[in-house]
Every structure is written in structure tokens, then in C-alpha cells.
Amino acid sequence: MLTVEHLQKSYSTGGKSLEVLRDVSFTVEEGEFVTVVGPSGAGKTTLLRCMAGLLPRSGGSVMLTKTGKVIDAPPPEIACVFQDYSRSLMPWYRVGRNVGLPLRNTISDKAERQRAVDDALRSVGLEGFADSYPWQLSGGMQQRVAIARAIAYRPEFLIMDEPFASVDAQTRADLEDLILRVRQIAGVTVVLVTHDIDEAVYLADRVVVVSGRPTVVMDVIDIDLPRPRSQVTTKGLPRFGELRTQVATLISRAGAEAATHA
Amino acid sequence: MSTTSIVSAVSRRRWSSGVRGAALSLILPVVIVVAWWFVSEGSTSPFFPPLRVILATFADTWLSSRVLSDIVPSLVRMIAGFAIATVVGVALGALLGRLRLAVAALNPILQFGRSLPATALIPVAVVLFGIGDTPKIVLIAFVSCFPILLNTIDGVRNVDPVLEDVCRSFRLSRTQRFRWVQLHAASPQVIAGMRVALSLAFVVMVATEMLGSTNGVGYVTLLAQQGFQIPLMWSGLILLGLLGLIVNGIFVLVERGLLRWYTQGQED
């Protein structure tokens, strides 16, 4: 379990302090799929980077409950997938090497490492592409490489920052279903940030709705939609519409409050 | 369509346009050589001998014993100097790129060293290292080191912040980050620096051979001028031009192979 408690983050720029995260608390249970959704300009990326140990906090804590470890630096239990796939892969290495490099520190046996790379590529439907270069692949395929790299690392938590924001709608739907399948196979807990309400509801067990800056948690909504989810059936359910409206209402309220503050 | 067929289609298209480009770029040189040949044919001026005479001299001089006695020594010096410059420039640049304060402290010295005209350093090199190969190689290495050094410093710093996050989140060690990421990310800039360095190395090679030398293409060319062997002087110039072209051509081929990921990625 991952616990985010009273997380705060301020940047100081030129003597002035900019408060991005005011007070963010929520928990992520073992095996859960949690999405974080909020208006654009909310400190969503900042929140994820703090959770992944990539950014120092100003206050509060992020804790791996099982070990009681407070996250101050990137822990081996967490792997990240970033929004900009074209910048997160190493263009000078082939796909297989991109996926395999982080494993050098976690799997010492070469054959076993190769097997982990093959398994991960197969689970994202990229078997046979290990010898391609990232720039030979489409955007959606490149993001699948990034997902394979994260999965191969065998993390307990997969943290994804708007991973599907830079691809077209059809690819996006495919990738959404892919990540649902992959997390089943890998048995990984997922925290995914998005600004897309449909995506947040469609993927999640719980949706954490956050406000605009300075960011607080507005509400955490349980998504009681049946699994497995399907783009057609799930999104056609009346309950999907209700949940979607509920989240949208919260977000528009967040937007309105932010406007009166400004 | 599979990736391999996409790639081969692209390379086929590139190949045919490459052939056309090569043909196009040959037109002007051919025209100039032909024009030179006929215009100079009846020339009686001692300064502008017929191209026929120059080429005959070229064949007699440069394609025989002078290959070993002058061309090879020239190239060996240049390549040795350039190789030393590359090793020192990349190693020192990679180190300094991670030490911002050191660079700030060293910057005036680096800028001063870079600004020194190579030719002014020849007497200094002769005084310090005498006559022979050593002063020439040292000077070639010194002068051509700067563009590589400065570009490497800049290059290893310019790793994409997203990629930095990737490295940190997968807990890559400093050495791993350096070998797998920084060096590669810097390579386009390093190679651009090497390209500048290569032409500097060529200039310094010729210049050092013209002052205090007993062999080399530059030495023979200057001696020809002083001995009023004008066709030999012209043939030396042609040889230098051709050598420059060949060396640069080889470099471009190597560059293309090394930076395929970079140039291909940019086109998308």
C-alpha cells in the first residue's frame, strides 16, 4: 500500500514562493488502479514526481506502508511511464536494450534478463520488435516500449503521468485496454494521472479528483463498474455516465473556485 | 507494413535521390576542369602552366615515391594529432561537463587558448619541441582539441530532463548514466566539434610543414614555389584539396553511421 499524507510542495522562484500542492492525502491499496484527475494546470505532474521520489517534498509524506519506508528518492518498488514517449526512450539503443538496461541492476543473470525483456515485450504486443530502433516505431508503439520497460522492472507500483496524452484517439483507446490487461498479467498496482475524465473513470477502481493550484483533494470516488471493462459496453452503461458526471461536476467546481481565487 | 519494409522503402528512396544528388554535384567540377584544361592549354605564362603539365607533374611526383616520403608522413601527423585531440577533448569535456564550477573557473583560459591563431604557435612549438614530428603532432592536437572539448562540455550537459527522470527513477548509477545516456546524448555535438577540429587539423598540418620541416605535402608545395617549380606547386595544391575532400568524405560516412538515431529521429 502507498500512503500519501498531507503532501505539500512549493517552488521558490526569484524570492517568490509558488504553492503547487497545498494538502494532498490519499491511499493506494495493493493491486488497485487509481487515477488522479484534475483541471489542467493542477499540480498533477508535480504530485506524481513527488510520489515517485523524483522531486523533494516541502511537507507531508509519501510512504510505502508494507515496509514503512518513506519515499525520499526513487525506490526500487516504483517504475514510471512518462507522457512524452519520444523523449523518455533512448533513441540510440534498440527496443530490446531500452527495455533491458534498467534490469542490469536488478537481474544479474543474462539469460534471465533476456527472458524478462521478451516477456515484457510480448505482454505489450511488441514481440519481434526488439531489434527495431524507437524512431522506427509509431508513437503508440513507442509508448508500449516505455510500458514494457516499466513492467520488466517488476515494480510493485506503476506510476504513469498522462501516458496516453500524446497519441491519437484510437491508439489511446487501444493503450487504455492494453494497460488494463498488462496490469492483470504483471499484478502491479497502478497510479495514473490524466486530465481526461472518461479515461479516469474507465480505467480506475478509484478516482482521486484534485483541484487547481494550489492543489487539494476534492473527493475520492469509488468506481463500481464491473470488470473486465470494455470501451463499448462499459462506456455505454448508465452508471458510467453517472460517475462521469459526478467527476465532471467536481472538476468544474474546482475550475470555478480557482477562477474566483485568481 | 512491417518496420523493415518501411525502412527499406525509405532507404531505397534515399539511395536514388542520393545518386541524382551525386550526379548533380559532379557537373560543376567537371565543367571547371574541362574549362581549365582548354583555356590553359596555350598558356605560356610561367605562373599559369597548362593543366596538362600540372597533371603530368602530379602523376610523376605524388603518385610515385612521394607517397611514402611525404603524403604518408603528412597524414600520419594529422591523424595522430586529431586522434589525441579527440581522446583528450572527449575525456576532459565529459569530466568538465559534470563540474560546473570548474568550467566557470577554467572558461577564460579555454577561451584564450581557443583564440590563439594556430600559425602563431608554430615558432613556440618549434622552440619547445624542436623540429620533427613531435611539435607538429602536439600543435595539431592542441589546436583541434578546443572545438571537441567545448562541444563535449556542452553536450553532456544537454541531456533531456525527461531522460534524466527516467535514469533516476530506474536508479541507474552515475557510471551507467554517463555511459548509456550522457555520452550518446552528447554525440551529435561531439561529432560536430570533431568536424571543425578535423579541418583545423588539416590547416595546422600544412602550416607546420611550411615552417621547420623536411618532408610533407606542405613542405614540398612551399619548396616548389621557392624553387620556381610552378607546376609542382599547383599540383601540391590540387593534392591538398583532394586529400581534404577524401578525409572529409570518410568523416561524413562515419558520422552518418554513428548518428543514424539522431538524423532519422529528426526527420519524423
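A short reminder: the numbers here are calculations on the coordinates, not readings from a lab. Worth saying up front: this structure is predicted, and the values here are computed from it rather than measured. Here Cβ is always computed from backbone atoms with ideal geometry, including for glycine, and neighbour counts include all displayed protein chains.
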* So for the protein assembly as shown, taking the charge dipole from beta-carbon charges (+1 Lys/Arg, -1 Asp/Glu), which of B:ILE109, A:GLY128, A:GLY236 sits furthest toward the positive end? -> B:ILE109
* Fewest-first ranking of B:THR175, A:THR245, using other Cβ atoms within 10 Å as the exposure measure -> B:THR175, A:THR245
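Under 8 Å for C-alpha pairs, at least 6 residues apart: give me the relative contact order for chain A, rounded to a whole percent. Write down the numbers at each step before the final one.
On the way: 495 pairs, mean separation 66.0, N = 262.
Once divided by the residue count of chain A, the mean separation gives 25 percent.
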* Asked: Normalised by the residues of region B:45-267, what does the relative contact order come to in percent, with Cα pairs under 8 Å and at least six apart?
  -> 28 percent
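Helix-derived [θ] at 222 nm for chain A: sum -39500 (n - 2.57) over DSSP H runs of at least 4, divide by residue count, nearest 500? All intermediate terms of the calculation are to be shown ahead of the outcome.
Values: 9 runs with 99 residues, N = 262.
Here the helix-only value at 222 nm equals -11500 deg cm²/dmol.
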* Take the alpha carbon gyration tensor of region A:84-154, find the square roots of its eigenvalues, order them as a ≥ b ≥ c, and report rounded if a/c is under 1.5; if not, report prolate when a/b exceeds b/c, else oblate. => prolate
* Hey, which lysines would be in cross-link range of A:LYS110, C-alpha to C-alpha under 19 Å, not counting anything within fewer than 8 residues on its own chain? -> none
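Could you please rank A:GLU156, A:GLU127, placing first whichever residue has the fewest other Cβ atoms within 10 Å of its Cβ?
Details: A:GLU156 18, A:GLU127 11.
Listed from fewest to most nearby Cβ atoms, that is A:GLU127, A:GLU156.
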* To do: Just report the Cα centroid separation between region A:157-215 and region A:80-125, whole Å.
  => 21 Å
* Asked: Which angle between 0 and 90 degrees, to the nearest 10, do you get for helix B:183-210 versus the longest principal axis of chain B when only C-alpha atoms count?
  -> 20 degrees
* Structure fact -> With the charge dipole of region A:140-191 built from beta-carbon charges (+1 for Lys and Arg, -1 for Asp and Glu) about the Cα centre, the Cα from A:TYR153, A:THR189, A:GLN143 projecting farthest to the positive end belongs to A:TYR153
* Asked: If you put +1 on each Lys and Arg Cβ and -1 on each Asp and Glu Cβ, how big is the dipole of chain B around its Cα centre, in Debye rounded to 20?
  -> 840 debye
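Using the number of other C-beta atoms within 10 angstrom as an exposure proxy, rank B:MET78, A:MET90 with the fewest first.
With the fewest neighbours first, B:MET78, A:MET90 line up as A:MET90, B:MET78.
Given C-alpha coordinates of chain B, what is the ratio Rg to Rh with the Kirkwood estimate of Rh? Write down the numbers at each step before the final one.
Details: Rg = 23.1 Å, Rh = 21.7 Å.
Reported Rg/Rh (Cα atoms, Kirkwood Rh): 1.06.
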* Asked: Which loop-located trypsin sites (Lys or Arg not before Pro) does region A:182-262 contain, where loop means any DSSP state but H, G, I, E or B and the Cβ has at most 14 other Cβ atoms within 10 Å?
  -> none
* Just name one of A:GLY60, B:ILE191, A:GLN246: the one whose Cα is farthest towards the positive end of the charge dipole of the protein assembly as shown (beta-carbon charges, Lys/Arg +1, Asp/Glu -1). => B:ILE191
* Structure fact -> Long-range share for chain A, i.e. C-alpha pairs more than 23 Å apart as a percent of all pairs, stands at 52 percent
* Asked: Can you pull the Kirkwood radius for region A:102-216, inverse mean 1/r over Cα pairs, to one decimal in Å?
  -> 15.3 Å
* Asked: Taking Cα atoms, how many degrees apart are the long axis of helix A:139-152 and the longest axis of chain A, rounded to 10 and kept between 0 and 90?
  -> 80 degrees
* region A:160-262 - Rg and Dmax from Cα coordinates, angstrom -> 14.3, 46
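With a ≥ b ≥ c taken as the square roots of the eigenvalues of the C-alpha gyration tensor of region B:14-95, please select rounded if a/c is under 1.5 and otherwise prolate if a/b is larger than b/c or oblate if it is not? List each step's numbers first, then the result.
On the way: a/c = 3.02, a/b = 1.45, b/c = 2.09.
It comes out oblate by the Cα gyration axes.
With Rg and the Kirkwood Rh both taken from Cα atoms, where does Rg over Rh land for region B:156-268?
On the way: Rg = 21.5 Å, Rh = 17.4 Å.
On the Cα set of region B:156-268, Rg over Rh gives 1.24.
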* Which whole-percent values make up P(r) of the protein assembly as shown when all C-alpha to C-alpha distances are grouped in 10 Å steps starting at zero? -> 3, 14, 19, 19, 15, 11, 9, 6, 3, 0
* Structure fact -> At the level of C-alpha centres, the distance separating region B:22-59 and region B:103-137, in angstrom, is 38 Å
* Other-chain or far-sequence residues with amide H under 5 Å of A:VAL20's (modelled H) -> A:LYS9, A:SER10, A:TYR11
* May I ask you to derive the relative contact order of region A:84-154, considering only C-alpha pairs under 8 Å and at least 6 residues apart, and to give it as an integer percent? => 49 percent
* Asked: Which shape class, rounded, prolate or oblate, goes with region A:15-97 when its Cα gyration tensor gives a ≥ b ≥ c as root eigenvalues, a/c under 1.5 marks rounded, and past that a/b bigger than b/c marks prolate?
  -> oblate
* Structure fact -> In degrees, nearest 10, the alpha-carbon axis of helix A:110-123 is tilted away from the dominant principal axis of the alpha carbons of chain A by 60 degrees
* Which of the aspartates and glutamates could a cross-linker span from B:LYS136 if the Cα-Cα distance has to be under 19 Å and same-chain partners fewer than 8 positions apart are dropped? -> B:ASP70, B:GLU209
* So how strong a dipole does the protein assembly as shown carry about its Cα centre when Lys and Arg Cβ are +1 and Asp and Glu Cβ are -1, to the nearest 20 debye? -> 860 debye
* To do: Note down the magnitude of the dipole of chain A about its Cα centre, charges +1 on Lys and Arg C-beta and -1 on Asp and Glu C-beta and zero elsewhere, to the nearest 20 debye.
  => 580 debye
